[in-house]
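The values are calculated or read from the model by the stated rules, or taken from the named source; none is laboratory data. In this text, all values refer to a predicted model and were calculated from it rather than measured experimentally. Methodologically, a virtual Cβ is constructed for each residue, glycine included, from the backbone with ideal geometry; neighbour enumeration extends over all protein chains shown. Only protein heavy atoms, including side chains, enter the accessible area calculation; ligands, DNA and RNA are left aside. Shrake-Rupley method; radii C 1.70, N 1.55, O 1.52, S 1.80 Å.
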There are 2 protein chains.
Amino acid sequence: MARRATTDGKAGTRGGGRTVTSYDVAQRAGVSQSAVSRCFTTGTSVSPQTRERIMKAAAALGYQPNAIARSLTTKRSNLVAVVVANLGFNPELTATLSRLFASRDLNLLLFTLDHEEDADRVVNQLWQYRVDGVLSATHLPRGHIEQLAKRRVPVVFLNRVYDDIAVNSVCCDQVEGERWLVDRLWAAGHRRFAIVSGPDSSLVSRQRVSGARDRIAALGGDEPAVAIGDFTYDGGRAAMRALAAEARRPDAVICANDMMAIGCIDEIRLEMKLKVPKDMSVVGFDGAAPGRWGSYALTSVRQPVDVMIEAAIDMLTARVDNPAMATEKRVFSGELQIGVSARLG
Amino acid sequence: MARRATTDGKAGTRGGGRTVTSYDVAQRAGVSQSAVSRCFTTGTSVSPQTRERIMKAAAALGYQPNAIARSLTTKRSNLVAVVVANLGFNPELTATLSRLFASRDLNLLLFTLDHEEDADRVVNQLWQYRVDGVLSATHLPRGHIEQLAKRRVPVVFLNRVYDDIAVNSVCCDQVEGERWLVDRLWAAGHRRFAIVSGPDSSLVSRQRVSGARDRIAALGGDEPAVAIGDFTYDGGRAAMRALAAEARRPDAVICANDMMAIGCIDEIRLEMKLKVPKDMSVVGFDGAAPGRWGSYALTSVRQPVDVMIEAAIDMLTARVDNPAMATEKRVFSGELQIGVSARLG
DNA sequence: CTCTTGCCTGCATGCGCATGCAATGTTAGG
DNA sequence: CCTAACATTGCATGCGCATGCAGGCAAGAG
């Protein structure tokens, strides 16, 4: 009956202890291995009494189905690769992701991308593990995106959009958010704008910057000075230092994210010895936690992170079930978060 | 020859596209599947010309070995479960981990634990995926630790120690760090100490608190007032508010971590309208990034996170290779980080 | 009472790869 | 030139589970 001896004491060894397999449970329950398998698979028919006996045997032996073996046959790993950039990634992001994944029986394989060259390694790894999908909060090289598409691995981008290729994405309306900020600053009388951008390689940064700049132009304002940051606190301080050296001191600084806005505020207060927002207004973008701290109380645009992540996971799982589904972009509006870092109208 | 038709166009399907297997590569290269397998396994002998032909065929087909199938036979998944607490976890932690894992060909399965009840789910999942080891930066219930030990899954704790069971751990010397802080504060003339602890359930918090309290007592100081926080900014503010209501206003506040110290500083400055450190000194513990921001410049004890994580991974991999290895504790000294949030002697 | 359905169940097999074993070719030593 | 030792290679098999298929059984229809 048995295809092999289940008591050879060698197979299934792991550092000395045998692992319990469905065969062991089957034997103890006096049923076939298939019955055990069916018992742990949803949507299969097992009689109540059989199920009970199997469950009892399983509990007695401490049996847990081997997800690895399972995914070998089902071609579903229940693993989702999450790719984030090392620098300045949102700490709440992974926590939220993990929580939402758990409720969907998905597991999170985390990759961080320090440099673009790492993309090779990451894409290889996630392919080798046959992840069901990829959720990327960072830019991925075109070639790799195409490769994943060819292999039919669904990919959803979080706050990364590509204008030249069709990819699934969930993002926050950057342009709209910046428009809100500029409008309010303008209404309060600000006319000398400065912008602290993120790196040029970041499309989100470019969108936010052009969103702000375009609105300023539309309102008839002067072309703002731009300093380039790197999305970090130190980058924000350095950018502010650069702006301070300019001939015409700005009265409103628009930062491409909250971390840099915080850096700017510290630079303004501690080095330039000016008051925020009396002497200079500062606004950010993101809704990061430290921006809400009392010392900063940033005026910013809060991204609905939870909603966005939930939407991303939904998009992803839908495409895991149906890989042919059309690519889609979902854009959520942010929420104006009014603090005291800017004089507003 | 072939055990099955590799061209049936059905097996290996994934949403329509066939996946490339070692059989396909073997066929194209005119060798056996074993040769392909050996070619992708280190420590096996394949002649240079065979290897070249196989590699060429593999590249042409875009073949990547299936890690799932591999781990089914090797009983090594190259997956390490990382368990972190949702609240107040160190964002740099996961980034550093991910980076160090990549250099060791390990992959990171991330789990976050909101509530202790989730431990069941998490331990089940990581067991089902047959992870090679577990790295936990949060507390795990005794029962689960024992279960993992019985299953011979190596576990290493980061900054969590257990005094009643033998577990592997890497931590920072909390007591020593607090002693340094207290000594310096004492030398500067502080005598009215207050302590902001973390939750009672946190052993790290208890160690830090008793480290500080014991040193104060040893120096002959009065018993400090204690307010309980939750390791968050808001928790720190609330705790400081509670301390401010006490009859005897402290001149030095010792916080169990940096986030709460930041909260305390904001509360002192913004609500109590006092100066830090002129009117009150504040110290933290961790070396968190925001603590180094100009507005706070926390005096704290920096934990050597990189070194600790590296040590943890080393401990873990050593035990993956040799599960019988004795349990071990490695304690690293922190580094006194002097800011301007405290008057020091 | 017989035949048809439908529900459970076991059997056999495959998922993609690693590996022990045997067979082959290769080279060195005598 | 012959034999031993070695380096490669292929074959067969198993890892643990899911699933198509067919057999068995009970209930319902005629």
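Data table
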quantity	calculated
Residue selected from segment B:34-45 under the condition part of a helix (DSSP H, G or I) and near DNA strand C (Cβ under 6 Å from one of its atoms), by the criterion most open to solvent (accessible area, probe 1.4 Å)	B:R38
Counted residues, segment A:147-206 - those being among the polar types (S, T, N, Q) and in a helix (DSSP H, G or I)	3
Which numbered condition B:V122 misses (of (1) buried (at least 20 other Cβ atoms within 10 Å of the Cβ); (2) under 15 Å from the mean Cα position of the chain (by Cα); (3) of a type outside the set (D, E, K, R))	(2)
Enumeration of residues in segment A:46-90 that are part of a helix (DSSP H, G or I) and open to solvent by less than 50 Å² (accessible area, probe 1.4 Å)	A:T50, A:I54, A:A57, A:A58, A:A67, A:I68, A:A69, A:S71
Checking A:R206 against (1) over 28 Å from A:W293 (Cβ atoms); (2) buried (at least 16 other Cβ atoms within 10 Å of the Cβ); (3) in contact with a Lys or Arg (Cβ under 7 Å, 6 or more places away or on another chain), the condition it does not meet	(3)
Filter result for B:D214 (within 14 Å of another protein chain (Cβ to nearest Cβ), among the charged types (D, E, K, R) and not in a loop (DSSP other than H, G, I, E, B))	no
Helices (runs of 4 or more DSSP H) wholly inside segment B:226-328 that include at least 2 residues being surrounded by fewer than 23 Cβ atoms within 10 Å (Cβ to Cβ) and more than 14 Å from chain A (Cβ to nearest Cβ)	B:233-244, B:305-321
Lone qualifier among A:V320, A:V307 - being touching a Phe, Trp or Tyr at 6+ places or on another chain (Cβ under 7 Å) and of a type in the set (A, V, I, L, M)	A:V307
Search result, residues across segment A:17-33 that are part of a helix (DSSP H, G or I) and either within 11 Å of DNA strand C (Cβ to nearest atom) or charged (D, E, K, R) (or both)	A:S22, A:Y23, A:D24, A:A26, A:Q27, A:R28, A:A29, A:Q33
Residue within segment A:74-88 that is within 11 Å of DNA strand C (Cβ to nearest atom) and more than 22 Å from B:T112 (Cβ to Cβ) present	yes
Within segment B:92-119, tally of residues that are surrounded by 19 or more Cβ atoms within 10 Å (Cβ to Cβ) and over 14 Å from A:F111 (Cα atoms)	3
Options A:V204, A:V156, A:V209; residue that is touching a helix residue (DSSP H, G or I) at 6+ places or on another chain (Cβ under 7 Å) and either modelled with pLDDT of 95 or more or not hydrophobic (A, V, I, L, M, F, W, C) (or both)	A:V156
Candidates A:A187, A:A166, filtered to the one that is out of contact with any His (no Cβ under 8 Å at 6 or more places or on another chain), in contact (Cβ under 8 Å) with a residue 40 or more places away in the chain, assigned by TED's automatic domain parsing to the domain that holds A:G211 and open to solvent by 10 Å² or more (accessible area, probe 1.4 Å)	A:A187
Selection within segment B:100-133 - more than 7 Å from chain A (Cβ to nearest Cβ), without any contact (Cβ under 8 Å) to a residue 24 or more places away in the chain and not in a loop (DSSP other than H, G, I, E, B)	B:D118
